[in-house]
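The values are calculated or read from the model by the stated rules, or taken from the named source; none is laboratory data. As the structure is a prediction and not an experimental result, all values here were calculated from the model. A quick note on method: Cβ atoms are made from the backbone with ideal geometry, for glycine too, and the neighbour counts reach across all protein chains shown. Side chains are part of the model used for accessible areas, which takes the heavy atoms of the whole protein and leaves out ligands, DNA and RNA. Shrake-Rupley method; radii C 1.70, N 1.55, O 1.52, S 1.80 Å.
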Amino acid sequence: MYREAEKIYEETLNKLKSIKGTREEKERRVNEHLPSISRANLRLAAISIAQRDYSKAKGYLDGIESPENLTADERVSRVELLSVVSEQRGQLTQAKKYLRDLIEAWEDKPELLAPTFLRLAELEMKSKSFSKAEEILLEIERLKMAGNEDSEDIWYKTLYLK
């Protein structure tokens, strides 16, 4: 399924690039719901990571020209994908930095950050920073206690890590 999805997204990305800045693009944006080039790159990066092709994923993530135009969910997804690529390249410090920067700059719904907090806690555990991991897990608990509905999977993983 990944290969088929990748093929479709690559075709879409190539078409978007070929009409970028033209009159055709303007007309099609009025009449159709076209994804942005950044969104297509994000989806291709996710597919590449699922296929464990991290260098290809990095290329797609680098192709995202304006991350600020992504939706809140997509911005979170982008940063999590960047952290996965960095981790796989052996750059744990960089992976954690991506996640921390997102958390510090976040101004949207706090419950969207629960997976990001969990990912950061997992990276802290990998780098043997157990006290930092525990602080991050407490933040997920605070989100849960504040009435934010995290998925049961995130809550289970939080309790398991703790």
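If you roll a 1.4 Å probe over the chain with all protein chains in place, what percent of the accessible area is carbon or sulfur?
That share works out to 49 percent.
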| For mean projected area of the Cα convex hull in nm², calculated from these coordinates, the label among [x] 10.8; [y] 11.4; [z] 12.0 | [x]
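Just round it to a whole percent: the fraction of Cα-Cα distances in segment 34-110 exceeding 20 Å.
27 percent
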| task | Keeping every protein chain in place, order Met1, Met145 by accessible area at 1.4 Å, biggest value first, i.e. largest first. | result | Met1, Met145
| query | Where in segment 39-140 are there trypsin sites (Lys or Arg not before Pro) that are in a DSSP coil and have at most 16 other Cβ atoms within 10 angstrom of their Cβ? | reply | Arg52, Arg89, Lys128
| request: Calculate how steeply helix 114-126 sits against the longest principal axis of the alpha-carbon atoms of the chain, using the helix alpha-carbon long axis, and give the answer as 0 to 90 degrees to the nearest 10. | output: 60 degrees
| remark: In segment 25-72, the GluC sites (Glu not before Pro) that sit in a DSSP loop and have at most 12 other Cβ atoms within 10 Å of their own Cβ are Glu32, Glu65
| said: Lysine pairs in segment 87-159 with Cα distance under 18 Å, only those 8 or more apart or on different chains: how many are there? | reply: 11
| message | If you average the alpha carbon positions of segment 120-136 and of segment 73-87, how far apart do those two centres end up, in angstrom? | response | 18 Å
| Low-density loop cleavage sites - GluC sites (Glu not before Pro) in segment 107-162, where at most 14 other Cβ are within 10 Å (DSSP) | Glu107, Glu149
| field | Per residue value of the accessible surface for segment 90-162 (all protein chains in place, 1.4 Å probe), Å² | value | 61 Å²
